[in-house]
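This report concerns only the one structure given below.
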Amino acid sequence: MRPPTWDLYFYQLLSQRFELNDSDQRRLARLRKGYEGECRLDASIQATGLSSIYLQDVWLPSREGPATRGSQLDGVLVLPDCLLLLEAKHYSGSFRYLGKKSLLNERPYHHNLVNQLENHVEDLRQFIESRQLPPIPIRALLIFTDDQLALEGTPGHFLTYAQWLDLLGQLASIPPLASQSLYFRALSPWQFQNPHRPRQLAPVEEQLLRRGLLCAKCGWGPLELSRYKCSCPACDFSENKSRCYLRALYEFALLHPDQPITRRAVLDFQGEDANPKLVSKLLAHYAQQQAHGHGANVPYAIAQPHLKLHELLENPDQPVQIH
C-alpha cells in the first residue's frame, strides 16, 4: 500500500493538535478521500497478483520549463501490448458526465476528466520517446472506486469499481513478455517523485508538529512568549500562558497515547523555551482540581488527587496517569 502524501500527513497531524478551520477541514476531507481511492486501486491490483507490473504515483517531469512542472499519474500497469494509465476518483453519491459542465451530486463540476486523461497519455508518450524506447500503445482508464457511486453519461474508459475488477480478472490471464521490463525499468525511478507531494516531512517540519507550542488559531510556531501571554507572530492571536501550556499538555497526551506523561516528557515536547515550573504547577494543580469535579472543559482528567508539586520537582520521571 502506498504511503500517505505529505499534505495529508501534515493536515492529519495538525488536526490532532488543534481544530482546523472550515477550509482546511474540507481540504483534509478531500485528501482522505483521494488517498482512500488510491489505496483501493492498489489493493485491487495486489489481490489480482499484478503488483510486479504495477507502478504507483508516477511523476513525469515536463520536457520544458522548470523541474517542478509535470504530470502525476495515480498508477501505470505495464502490460505486454500496452501501457495502461490509471486514474482513481473516490467520489460519493452521483456523478453525471457532461464534459466541462459535469455534475457531482447535482453541483457543477468544472474539471474535465477526459482532458485530464488525454494530457496524461500525451505526457507519458513524450516520456517514452525521450527515453528512446520503442513506441507502445497507451490506454487510459478512470476508475471510480466507490461501490455506491451512481454514474450517468460517462465514456467507455470511465469504469465503475465492479467493471474494473472484471477487467483485472481478464488482465491477470495474459502471459508476460520480456519487453515489459524495458518500460518498467524506465518508469520505476519516477515513483513517488512529485515535488509537490513529497513522501515525508522535513525534519524541521516533523519537529515543529510533534514538539513545541503552536498557535491555537492558525497552527503557526514557535510562539513569542512574554510573562503572561503566548503570542503568534503569524496571525497576532494571543492567549493566557497557563492556558497555552495546558493545551499543549493535552496535545501531548493525544499525540503520544502510549507514552507515560511525566514532567520530563512534557517539557521535552513543549520545547527548550518551556517554563519548567509552570508545567509542574499545571500538572499538580489540575490533578487536584479534576479530583474535585472542576475543570470539566478540558478533554482529559488527571486522576491523581494527592499529587504534590514537590514530588514532580524532585522526580521529573514520575508518571501522571490520565483517563
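Since every read-out is calculated from the coordinates, none of them should be taken as a lab result. Being a predicted model, the structure only gives us computed values, none of them experimental. Methodologically, a virtual Cβ is constructed for each residue, glycine included, from the backbone with ideal geometry; neighbour enumeration extends over all protein chains shown.
Miscellaneous remarks
- Within the shell of other residues whose beta carbon sits under 12 angstrom from the beta carbon of TYR109, the net charge comes to +4, with Lys and Arg scored +1 and Asp and Glu -1.
- Protection proxy ranking of 56-63, 95-102 - average other beta-carbon atoms within 10 Å, highest first: 56-63, 95-102
- DSSP bridge pairs, region 6-190: antiparallel proportion in percent, nearest 5: 55
- Other residues within the sphere of radius under 15 Å centred on the Cβ of GLN170, judged by their own Cβ, net out at -1 (K and R +1, D and E -1).
- Basic side chains Lys and Arg get +1 at the Cβ, acidic Asp and Glu get -1 at the Cβ, and with that the dipole of region 46-122 about its Cα centre reaches some 360 debye.
- FRET efficiency, 1/(1 + (r/R0)^6) with R0 51 Å, evaluated for LEU14 and LEU171 via beta carbons: 0.80
- Counting only residues at least eight positions apart within a chain, or on another chain, the aspartates and glutamates with an alpha carbon under 17 Å from that of LYS217 are GLU19, ASP22, ASP24, ASP236, GLU239, GLU251.
- Taken over region 14-107, the convex hull of the Cα atoms encloses 207 Å³ per residue.
- Contour minus Cα-Cα distance for ASN115 and ASP268 (0.36 nm per residue): 50.0 nm
- Förster radius 22 Å - calculated FRET efficiency between SER92 and THR48 (Cβ-Cβ, nearest 0.05): 0.35
- Length gained when the stretch SER130-GLU64 is fully extended (0.36 nm per residue, less Cα-Cα span): 22.6 nm
- When the Cα convex hull of region 6-190 is projected onto planes of every orientation, the mean area is 12.2 nm².
- Cβ crowding within 10 Å averaged over residues, with 116-123, 84-91 ranked highest first: 84-91, 116-123
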